[in-house]
Amino acid sequence: MATLFTRILNGELPGHFVWRDERCAVFLSINPLTAGHSLVVPVAEVDHWLDLDVETNMHLTAVAHRVGRAIMETFGTERVATVMAGFEVPHVHLHVFGADSMSDLDFANAAASVDQSELAADAARLREALGGEA
């Protein structure tokens, strides 16, 4: 059975994409901690990050770095955090989001819901900062 993220990657479920290449995609979290909260997800359906091949792991990190700079530039945050927890969906994903304090890293503070038009606007701003379309 395909994971929730695989279904988003395959277009079976909606997602607000900001980046896509042959190895991974980046789309916005539907429960963001801060504006622009992005998920870097490998195309390969892998549950635990330690099971990723090193090259894919390095690629995810490189993409997260680029997305993090775009988040900082777009949303004016002081810092950008990355978290790879892996509890919510059994598919490796790297959270990338603006953080101005340690409290911004508390997933209990994630938005319960966000208007889809707001997510679409944030995704468009990030795509522009990244130099193109997802």
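The values are calculated or read from the model by the stated rules, or taken from the named source; none is laboratory data. Fair warning: this is a prediction, and the values are worked out from it, not measured in the lab. Here the Cβ positions follow ideal geometry from the backbone for every residue, glycine too, while neighbour counts run over all protein chains shown. For the accessible areas, the whole protein counts, side chains as well, though only heavy atoms, and no ligand, DNA or RNA atoms are used. Shrake-Rupley method; radii C 1.70, N 1.55, O 1.52, S 1.80 Å.
Given the structure, is residue 61 under 16 Å from the mean Cα position of the chain (by Cα) and open to solvent by 60 Å² or more (accessible area, probe 1.4 Å)?
yes
So that you can scan it fast, the table gives a plain yes or no per residue for (1) under 27 Å from residue 1 (Cα atoms); (2) within 15 Å of the chain's Cα centre (by Cα):
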| residue | (1), (2) |
| --- | --- |
| 22 | yes, no |
| 26 | yes, yes |
| 41 | yes, yes |
| 56 | yes, no |
| 70 | no, yes |
| 82 | no, yes |
| 106 | no, no |
| 113 | yes, no |
| 117 | no, no |
- Query: Quick one: what pairs do we get from region 72-100, first residue under 19 Å from residue 57 (Cβ atoms) and without any contact (Cβ under 8 Å) to a residue 60 or more places away in the chain, second surrounded by fewer than 21 Cβ atoms within 10 Å (Cβ to Cβ) and among the acidic types (Asp, Glu), C-beta under 9 Å, 6+ apart or different chains?
  - Reply: 81/104; 86/47; 92/45; 92/47; 92/51
- Only one of 82, 74 that is touching a helix residue (DSSP H, G or I) at 6+ places or on another chain (Cβ under 7 Å), in a helix (DSSP H, G or I) and surrounded by 14 or more Cβ atoms within 10 Å (Cβ to Cβ): 74
